[in-house]
Protein chains: 2
Amino acid sequence: MSGILLKEVRLEGKVCDVLIEGRRFSRIAEHIAAPDAQRIECGGKLAIVPPFQNMHSHLAMTLLRGYADDLELFEWLEKHIWPAEAKLSQDDVYWGTRLALLEMIRSGSVFVNDMYWHQGATLRAVEEMGLRAAIGFMYICVPGGGVLESNRQANEELREQAQNRSARISLTHAPHAIYTVNEKTLLEIGEKARAEDAVLHIHAAETLREVRQCQAEHGKSPIAYLHGLGLLGPKTVLAHCTHLSDEDIGLISDSGSTIAHNPVSNMKLCSGLFRFQDALQAGCRIGIGTDGCASNNNLSMLDEMKFAALSAKVQSGNPEAGKAEEVFRAATQAACQCFDIDAGEIAVGKLADAVLLRLQEPSMLGDYNLRANLVYSADSRVVDTTICDGKILMLHGEIPGEEEILERNRVICRRLGGGH
Amino acid sequence: MSGILLKEVRLEGKVCDVLIEGRRFSRIAEHIAAPDAQRIECGGKLAIVPPFQNMHSHLAMTLLRGYADDLELFEWLEKHIWPAEAKLSQDDVYWGTRLALLEMIRSGSVFVNDMYWHQGATLRAVEEMGLRAAIGFMYICVPGGGVLESNRQANEELREQAQNRSARISLTHAPHAIYTVNEKTLLEIGEKARAEDAVLHIHAAETLREVRQCQAEHGKSPIAYLHGLGLLGPKTVLAHCTHLSDEDIGLISDSGSTIAHNPVSNMKLCSGLFRFQDALQAGCRIGIGTDGCASNNNLSMLDEMKFAALSAKVQSGNPEAGKAEEVFRAATQAACQCFDIDAGEIAVGKLADAVLLRLQEPSMLGDYNLRANLVYSADSRVVDTTICDGKILMLHGEIPGEEEILERNRVICRRLGGGH
C-alpha cells in the first residue's frame, strides 16, 4: 500500500477526499482514486482538523497524576513532588512518557515541547510512538555554582541518543528558570542555543514571587532581565508569562518570542491569570500548553482550550476575549513557526498532521460552529483517528501497545506509593 | 431476570460484588451468588461511584450549542439567543432535551434541576430516558403586570403531563429571577411552593448589575431581599450566587438553602467568581450545575468539577480551596437533601444510582486518588455504564436510541440556521 486516502471526510464543512503520500498531504479533491492507498472511510461523519501542539509540558509527570493535590505550592513541591521525583529511574521516565504520549494521541495532540529529566528515555519513547517533540537539555544550577551533575549526565545521554533522531524530533536548551539558573550560565546557554539555531525554552514570569525577587535582585522584570541577557527572540519559548507588564508584552511582541500559556496549571497553583487578550492584541505569538500532570492533571488540549478561553474572559472582564477561533489557532499552530514545522493546516503540500473527529457525538450538536464545539464542548471521545507526519498513530480509537503501557505504569505507581 | 449483579467491581479501592434489586442496592459483599440477576462483569477494572447531580440547567439549550459565543451578554441574549429560542416548538424542546439527557448519561449524570420552556416535553423526555429530574413551573412577568401568557400555558401543560409521573420526577416552582418577576408574584409563588412542599428554584445574585439594581430598588442585596420575602429555606435552590456578601452567606447558611454553583457559565459570561470556600466554611449547602449549553457549552459534570475546583482557588487565592473531595461531594450529593432523593452513596438500602468507571484509561493513571482523577483529569471516556433508580441507562457505552436522537437534532439545528 502506498499512501492514505481519507474518503468522504468533512473539511471546513464540505465533504471531500484527502490523500496523504509520504509525509505530506498530496491531494484534496471531491473524488480521488488511489487504489494502492490505505483507505479510511469517513462517510461524511468524520471531520478533519489540524491536531494540537502542546507548547509546554513535563511528560513523565503522568506518574504523579493525583499524587498530591490542593496544597500550597512549596509544601506540594518540597514534601511531595520532589521526593517522589527523586525515586524516578530512567525506565520509569520512559514508561511515564509513553503513558503521556498515549494520552496525547487519544486527545488529538501530536507535538509537545517537553522539559524533564532522563530525556534520553523521553526521546526513545517519542521515536517509538511516532509523535513530534522538542526535547530540552535541562539546566538547574547548584546554589552559587554551575549546573547540577544530574543535569549534565542526562544532557549527555540525550545528546548521544539524539544523534540519529528522526525529523520529528528537535532539541531545545531548557534552563529551568531565572531563579534556578545563574546569569553566567544563562548567557552560556543562550550562546549555545544561537550557535545551534535551537529553541530556548524557559519558565518565565510564572509567579509573583519570581517577579518580586527579580525586581529586587536586578531592578527589572523577568522578561526585561531575559531581554537584557539577549535571550528573547523568535526561537525563544517563554512558559507561563502569568505576570506581564505592558512593557514586558512589548518586549515579547517585538522580539518574536512565543508565550506558552498554561491556564489550568496557573489556576490550580494560584499563580495568576495570563493577559491573553492584551498579549494577542500586541501581536505576541501565543501557544497553549498543559504543563505537567501533577499540576493539571491531564494532557488534554481540549480541556486546556476551554480554560484558555474562559480564563481570558475572567482576566480581562470581557466576554469577547479569548474567542474560540483565536484559542483554536493558538492550540494548533504555535509550534509551526517557532519549531520550523511545516504543518498546522490541512492543505496540499503541508506535513500530514491531522485529527479525525467524530461528529456523531452529543457534545458536537448543535453543529453550527465546529471550532466553538471543540473549544467549549468536546472531550477526547470525539477524537477518532490521529495522524502525524503521514503515519496513523490511532485508528478509530485503537492505539497499538496501549495495554502494556497501562500495565507497566500501574506497576510503577504501586512502587511510588499508590493504588486507589 | 431479577436484579443486577455487578461482579468484581471496585468500591473505594476494594474489589467486591454489588447487588441491585428493585430500585435499591440490596447487598454488597466479597462474593454474591444471584443466578437470576443480570450480570455485569467488571473484572476489577471498573470502579463504582455515585453519579453526578446537575443542580441547574436549561436542558434543551443543547439546540443552541455553539450558536453564538464570545459576545457581550446583552448582545448575545437579545440578538442571538432569544430570537432563536422564539423559534423552538414543543417538539424541538422534546428532542433537544433528549439530546441533553443522552449527553448527561454519557458523562455520568442522572439528575438535573431544570428550568426551561415547554416543560411538558421535558418531562416526557426524562420519563422515557429514565433519569431523575426536577422540572420547574416557570415564571417571568410582563413589565408592570402578571406572568407571561406563554408561561401560564406551558405550566398548565406541565401540570397535566405530570399527573402520572414516576417517582424519579419532582416539580419545582421556578421564578426566573428577582428582576424579571415582581414582588407580589414572588410572594404568591413562595406560598404555592410551601403549600406543595415543592422546591423553589431561582437565579440569584448572578451578576453585579442585578445586585446594584436590587440595592437601588430595595436597599438590600438580592439574597437579603429573598430572605425578606420569606423565600429562603431548605427547599430553595439559588442558582449562581456569584456575588455574595458575608451577610448573604450567613443568610443562606442559616436558612439551609442550597447554592447551585455554575463555574463555567459564570466565567464564560464574565459574571464573576463564586466564593466557594467561604460559603463552604460557613456551612452553606452547595451543589454544582452546568447551566444551559449556550453558556457552557456542554453538560459534563466532569468538566464542571474541574472548573469548580480551579475557580475556587483563583477566587480565594488559595490552592487549598476547592479540594477534589469537597467538589466531588458537591457534585454527587447536593440533590439528595434538597429534593429528598435517598441516593448519593453506594450503600445497601440506598437508591441504586451509580456510574461504572473505566480504570483502563490513560487519564486514570497514576491511580493514587480516584476522586482527584475524576475532578482534575477524567473526561466522559471513563464513563462505561450509568445506572439510575435500579435501571441501566447505558451499558458499556451503549445507549438505546442514540442514533435517532442525533439525527432528529441535526434536522432541527439545520432549520435554526446551522451546519458547520
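Highest first, please rank the peptides A:372-385, A:306-319 by the mean number of other Cβ atoms sitting within 10 Å of their residues. Don't jump to the answer; show the numbers that get you there.
Values: A:372-385: 25.8, A:306-319: 23.4.
So the peptides A:372-385, A:306-319, ranked by packing, come out A:372-385, A:306-319.
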Zone reached by a paramagnetic label modelled 7 Å from residue B:89 Cα along Cα→Cβ, restricted to the stretch B:394-410 with backbone N below 19 Å, covers B:404-410
Between the alpha-carbon centers of the stretch B:75-113 and the stretch B:354-390, tell me the distance in whole angstrom.
26
Within 10 Å of the Cβ of an average residue in B:101-113, the count of other chain Cβ atoms is 2
How would A:332, A:97 line up from fewest to most surrounding beta-carbon atoms within 10 angstrom?
A:332, A:97
Does anyone have the angle between helix B:402-416 and the longest principal axis of chain B? Alpha-carbon axes, 0 to 90°, nearest 10?
20
Check: the protein assembly as shown dipole with +1 on Lys, Arg Cβ and -1 on Asp, Glu Cβ, in debye
440
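Sort B:180, B:258 so the one with the fewest other Cβ atoms within 10 Å of its own Cβ comes first.
B:180, B:258
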Every other copy gets compared here: list the nm distances from the residue A:128 label point (7 Å along Cα to Cβ) to its counterparts, shortest first, one decimal.
5.0
Alpha-carbon spread of chain B, three principal axes, descending order, Å:
65, 47, 46
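How much of the DSSP beta bridge set in the stretch A:52-338 is antiparallel, as a percent to the nearest 5?
Details: 1 of 31 bridges.
So the antiparallel bridges amount to about 5 percent of the total.
Add +1 for every Lys or Arg and -1 for every Asp or Glu among the other residues with Cβ under 13 Å from the Cβ of residue A:220, and state the total.
Working: positive: A:212; negative: A:183, A:210, A:217, A:247, A:248.
That works out to -4.
Once you order the gyration tensor axes a ≥ b ≥ c over the Cα atoms, which shape class does the stretch B:206-285 get: rounded for a/c under 1.5, otherwise prolate or oblate by comparing a/b with b/c?
Values: a/c = 1.71, a/b = 1.05, b/c = 1.62.
Since a/c reaches 1.5 but b/c is at least a/b, the shape of the stretch B:206-285 is classed as oblate.
List the longest stretch of chain B that has no exposed loop site; here a site is one of the GluC sites (Glu not before Pro) assigned by DSSP to anything other than H, G, I, E or B, with at most 11 other Cβ within 10 Å. Can you show the working numbers first?
Numbers: sites that count: B:12, B:30.
Between exposed loop sites, the widest span is B:31-420.
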Binned Cα-Cα distance frequencies in the stretch A:212-355 - 5 Å width, integer %
2, 10, 18, 21, 20, 16, 8, 3, 1, 0, 0
GNM result for chain B, Cα springs below 10 Å: residue of B:55, B:301, B:364 fluctuating most strongly:
B:364
At q = 0.15, 0.25, 0.31 Å⁻¹, what base-10 log of I(q)/I(0) does the Debye formula yield for the stretch A:43-100 when every alpha carbon is treated as an equal point scatterer in vacuo?
-0.59, -1.06, -1.23
Scoring only Lys, Arg, Asp and Glu (+1, +1, -1, -1) among other residues with Cβ under 13 Å from the Cβ of residue B:25 yields -2
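Sorting B:135, A:169, A:189 on the 10 Å Cβ count, fewest up front, what's the list?
On the way: B:135 27, A:169 17, A:189 22.
If I rank by nearby Cβ atoms, fewest first, I get A:169, A:189, B:135.
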Give the angle, between 0 and 90 degrees and rounded to the nearest 10, that separates the Cα long axis of helix A:183-196 from the longest principal axis of the Cα atoms of chain A.
30
How far is helix A:90-106 tilted, in degrees, relative to the longest principal axis of the Cα atoms in chain A, given as a value from 0 to 90 rounded to the nearest 10?
40
Residues with beta-carbon under 10 Å from that of residue A:356, excluding residue A:356: net charge, scoring Lys, Arg +1 and Asp, Glu -1?
+2
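Let me make sure I get this right: for the stretch B:313-395, a, b and c are the square roots of the gyration tensor eigenvalues over alpha carbons, sorted descending. Under 1.5 in a/c it's rounded, otherwise prolate if a/b > b/c, else oblate. Which is it?
Working: a/c = 2.54, a/b = 1.23, b/c = 2.06.
Cα axes put the stretch B:313-395 in the oblate bin.
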What percent do you get for the relative contact order of chain B when only Cα pairs under 8 Å and 6+ apart count?
20
Hey, which residue of B has the C-beta nearest the axis mapping B onto A, and what's the distance in Å?
B:379, 2
Using a label point 7 Å beyond Cα on the Cα-Cβ vector, give me the inter-copy distances for residue A:220 in nanometres, one decimal, shortest first.
5.8
Lys pairs, the stretch B:52-338 - Cα-Cα below 15 angstrom, 8 or more residues apart or on other chains
6
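Which value, in nm² and rounded to one decimal, describes the direction-averaged projected area of the C-alpha convex hull of the stretch B:1-78? Walk me through the numbers on the way to the answer.
Details: hull surface 34.8 nm².
Averaged projected hull area, Cα only: 8.7 nm².
Hey, got the average number of other protein chain Cβ atoms within 10 angstrom for residues in B:300-309? Walk me through the numbers before you get to the answer.
Working: counts 4, 0, 2, 8, 0, 0, 9, 6, 0, 4.
Neighbouring Cβ atoms belonging to other protein chains average 3 per residue here.
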Put +1 on the Cβ of each Lys and Arg and -1 on the Cβ of each Asp and Glu in the stretch A:52-338; which of A:143, A:108, A:282 then has its Cα farthest toward the positive end of the dipole?
A:108
Between copies, how close do the residue A:398 label points come, placed 7 Å along Cα→Cβ, listed in nm from shortest?
2.0
With the crude spin-label approximation of a point 7 Å out along Cα→Cβ, what separation in nm comes out for residue B:195 versus residue A:209?
6.1
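Wrap a convex hull around the Cα atoms of the protein assembly as shown, take a quarter of its surface area, and give that in square nanometres.
On the way: hull surface 137.6 nm².
Result: a mean projected hull area of 34.4 nm².
So for the protein assembly as shown: antiparallel DSSP bridges make up what percent, rounded to the nearest 5? Could you put the intermediate results ahead of the total?
Details: 50 of 119 bridges.
Antiparallel bridges make up about 40 percent of those DSSP assigns within the protein assembly as shown.
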17 Å cut-off, amide nitrogen to a point 7 angstrom out along residue B:318 Cα→Cβ, residues in the stretch B:225-266
B:244-247, B:249-250
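Every number in this text was worked out from the coordinates using simple rules, so none of it is lab data. A quick note: this is a predicted structure, and the numbers were derived from the prediction, not measured. Please note: Cβ atoms are built from the backbone with ideal geometry, for glycine as well, and neighbour counts cover all protein chains shown.
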